[in-house]
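The values are calculated or read from the model by the stated rules, or taken from the named source; none is laboratory data. Since the structure is predicted, the reported quantities are computational estimates derived from the model, not experimental observations. When we count neighbours, we look across all protein chains shown, and the Cβ atoms used for this are built from the backbone with ideal geometry, even at glycine. Just so you know, the surface numbers come from the protein's heavy atoms only, side chains and all, with ligands and any DNA or RNA stripped out. Shrake-Rupley method; radii C 1.70, N 1.55, O 1.52, S 1.80 Å.
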Amino acid sequence: MATVIPPPSKKQRREAQKPREVPLTPRDLPHVSIKFQALDTGENVGGSLRVPGDITEKQLEELLNQLNGNSDDPVPYTFSCDVAGKKPTDPIQPIDITDNLYSSILKPGYRTTEDIITLIYTPRAVFKVKPVTRSSSAIAGHGSTILCSAFAPNTSSRMVTGAGDNTARIWDCDTQTPKATLTGHFNWVLCVSYCPNGEVIATGSMDNTIRLWDSKDGKPLGDALRGHLKWITSLAWEPIHLVKPGESPRLASASKDGTIRIWDITRRVCLYTMSGHTNSVSCIKWSGQGIIYSGSHDKTVRVWDMNADGKCINILKSHAHWVNHLSLSTDYALRVGAFDHTGAQPASAKDARDKALANYEKVVKKNGKLEELMVTASDDFTMFLWNPLKSNKPIARMTGHQKLVNHVAFSPDGRYIVSASFDNSIKLWDGRDGKFISTFRGHVASVYQVAWSADCRLLVSCSKDTTLKVWDVRTRKLSVDLPGHKDEVYTVDWSVDGKRVCSGGKDKMVRIWTH
């Protein structure tokens, strides 16, 4: 029997009767004057140019590449235009050119054809990361729940996981075998972190200690670092471009005892103990300007200046409940240090510092000034976007989640923020002003973590519903569904070169996903 199409519903009939807008460009649209301006340096390229009023994003890209002399090897760009708000007190906000100049800028009335329109351009990632589509291996080895994982900053061949069986393991992703088992802790390993130069792995445990390991062979580097009175909740390395010549990067650790300690990993001593939080410190980040940010269960975020020996220079109070997680707009650049997606090794320590600084400045410079933004997520269902060195008032309060927000992450270029919540949804926000963009729905249980691909086009999420999902940021849709785990998935990470995703959780299996 043939399938009969059901009659349209009341809502569909109503929608069909509404007047539709046809995207037409007026025939007599005059030419407009535009200027190209670089986002990071604020420099203008090519002076004032006359172009058609309906010039497309692709044509703007070709024109800019010609002006920069890159016609043979074109660089992809995104364009935006800064417009003032409706009221004089409203902040200036960027509007992206998504289709063409007319529909994005002229038609909504942000600018007229009489104005000189300044287009701010940013280069996009040159390489494209393919979405992972299959599990290339499920590796057994851990004897208990896997709690944390991280890829090396320079290669997708190495990753480390920490688990409830008191060990961490280094895995060889090329042969899909365990490379080394890091034994020494006598309680759960709660956090693992690769040094940005790729040489050392730090693990923090519920036994109140931090241990350091050689990332190549997994040999312990000396004894445990002791000092914290309760378990370790978060680890952060000093960014490579701030490390003094001839020294190793320092390590910061946060604990449930409410303190943050800074360790010299060569002499294995605690340099400072920073106290002030009145409850457990849940997350710390070491910024590229020598500032440590710490979010705590006492509802505050503290700002510590490492250039002034760890002095607390600001306390950000806006959240009404525990601060669960925080992310910096430069997280990705600081994580990869001197490396890029090719994984090439820097020739010397000075070369590494220069490259790391260049990677950092690419993301952080706006009109020649350094601007590092931070986003905090809390149990109060909200997030706040801050420019913490400029003001102790947030730029934006981001609301919409129905349950606690567990994890937030800035995209590698700092343009977007993604948040994962226990309300089963993932939300995408504008990384510049905190405006809501879209909700990704698909998970049927709490979302624990998210990870970006290096080119900012995709993100992967892991959930209590045993699946991972890959989302396309441009179309705002689910790209690939990745079932395979037998139980809740607690941790996920995407390698720097974009080739692999790793995940782990309650089923004690490490899974590696490729395309």
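A few comments on the model shown:
- Residue match in the range 53-70 (condition: assigned to a strand (DSSP E or B) and at pLDDT 80 or above): yes
- Some residue of the range 80-92 being more than 28 Å from residue 370 (Cα to Cα), at pLDDT below 80 and polar (S, T, N, Q): no
- The set of residues in the range 453-491 that are acidic (Asp, Glu), closer than 30 Å to residue 123 by Cα and either without any contact (Cβ under 8 Å) to a residue 12 or more places away in the chain or not in a strand (DSSP E or B) (or both) contains only 455.
- Counting the residues of the range 332-384 that are in contact (Cβ under 8 Å) with a residue 24 or more places away in the chain, open to solvent by less than 60 Å² (accessible area, probe 1.4 Å) and not charged (D, E, K, R) gives 24.
- Close pairs from the range 1-25: first of a type outside the set (D, E, K, R), partner modelled with pLDDT of 80 or more, Cβ under 6 Å, at least 6 apart: 25/54; 25/102
- Subset of the range 104-160 that is part of a strand (DSSP E or B) and aromatic (Phe, Trp, Tyr) - its residue that is most open to solvent (accessible area, probe 1.4 Å): 121
- Looking across the range 297-315, the residues that are surrounded by 20 or more Cβ atoms within 10 Å (Cβ to Cβ) and more than 22 Å from residue 405 (Cβ to Cβ) come down to 304, 306.
- Considering (1) of a type outside the set (A, V, I, L, M, F, W, C); (2) more than 17 Å from the chain's Cα centre (by Cα); (3) within 25 Å of residue 170 (Cβ to Cβ), the lone condition that residue 483 does not fulfil carries the number (3).
- When the range 385-405 is filtered for residues that are outside any loop (DSSP other than H, G, I, E, B) and either out of contact with any strand residue (DSSP E or B) (no Cβ under 6 Å at 6 or more places or on another chain) or open to solvent by 40 Å² or more (accessible area, probe 1.4 Å) (or both), only 397 remains.
- The residues of the range 161-215 that are assigned to a loop (DSSP other than H, G, I, E, B), charged (D, E, K, R) and open to solvent by 20 Å² or more (accessible area, probe 1.4 Å), listed by number, are 165, 174, 199.
- Residues that are in contact with a His (Cβ under 6 Å, 6 or more places away or on another chain) and either surrounded by fewer than 22 Cβ atoms within 10 Å (Cβ to Cβ) or among the aliphatic types (A, V, I, L, M) (or both) within the range 408-429 comprise 408, 420, 423, 424, listed in sequence order.
- Taken together, 318, 329 contain a single residue that is touching a residue at least 60 places away in the same chain (Cβ under 8 Å) and either on the phi > 0 side of the Ramachandran plot or open to solvent by less than 30 Å² (accessible area, probe 1.4 Å) (or both), which is 329.
- Any hit, the range 23-39, residues being open to solvent by 70 Å² or more (accessible area, probe 1.4 Å), closer than 30 Å to residue 368 by Cβ and over 33 Å from the mean Cα position of the chain (by Cα): no
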